[in-house]
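Peer 1: Here you go, one structure.
Each value in this text was obtained by applying a stated rule to the coordinates, not by laboratory testing. Because the structure is predicted, anything quoted here is derived from the model rather than measured. All Cβ positions, glycine included, derive from the backbone under ideal geometry; neighbour counts span all protein chains shown.
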Amino acid sequence: MSGQVILIEAMALAQTDEDALELIVRQNARLVYRIAFSVLRNHHDAEDATQETFLRALRYRRKLAGVHDPRTWLAKIAWRIAVGKKGKTLDSGPEDADGVISQLRSKNDAADEEVLAAEMSRLLQNLITRLPKKLREPLILSTLEEISTLDIAETLGISEAAVRSRLFRARQILRERLEALTEGKI
């Protein structure tokens, strides 16, 4: 009889763990995808990285009980997977062009405004890409993904002060480069 009770309790505990993990997945799926997309810049690769992140979370779900902030834990996993995949993939493909074209068609703005906005976005993305890695990573997580400095610090394994310093320096460099471009110095 006591063996049955232990088995029932173990099954209930396993179900509780699965429920907790499912809740975390539902609450953070968009965050994980956005982080992966910000690194990989490709919808399909970002989906693959998101799926791999949650598979890894499932594999290490026993550690979940000791995790202070599951959101940061998942963000860190997603970041590492995406950065690992980055070297294995190309930045963009034909499917990205189809997405841009459909976005241009669906808006009511004038075509020249759309082209200008797309060009400015491409220019800014190029400037961000040219930043040193240690400045680029916190900037992407902070600005594009709207992650707090504490979460960025935990994700990248650096202090909050270092995150704030790197963000300041990255923004300063971008501002200087944009000013130089608008003045025709570059």
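Peer 1: If you take the beta carbon distance between Arg26 and Arg136 as r and set R0 to 41 Å, what does 1/(1 + (r/R0)^6) give as a FRET efficiency, to the nearest 0.05?
Peer 2: Rounded to the nearest 0.05, the efficiency is 0.85.
Peer 1: Note down the net charge around Arg136, summing +1 for each Lys or Arg and -1 for each Asp or Glu among other residues with Cβ under 10 Å from its Cβ.
Peer 2: Details: positive: Arg130, Lys133, Lys134, Arg166; negative: Glu137.
So the environment of Arg136 carries a net charge of +3.
Peer 1: Could you work out how far apart the two model spin labels at Glu47 and Glu176 are, taking each label as a point 7 Å from the Cα in the direction of the beta carbon, and quote it in nm?
Peer 2: 4.2
Peer 1: Please give the contour-minus-distance gain from Arg164 to Leu123: 0.36 nm per residue of separation, less the Cα-Cα distance, rounded to one decimal in nm.
Peer 2: Length gained between Arg164 and Leu123: 12.4 nm.
Peer 1: For Ala29, what is the net charge nearby, where nearby means another residue's Cβ is under 12 Å from its Cβ and Lys, Arg count +1, Asp, Glu -1?
Peer 2: +2
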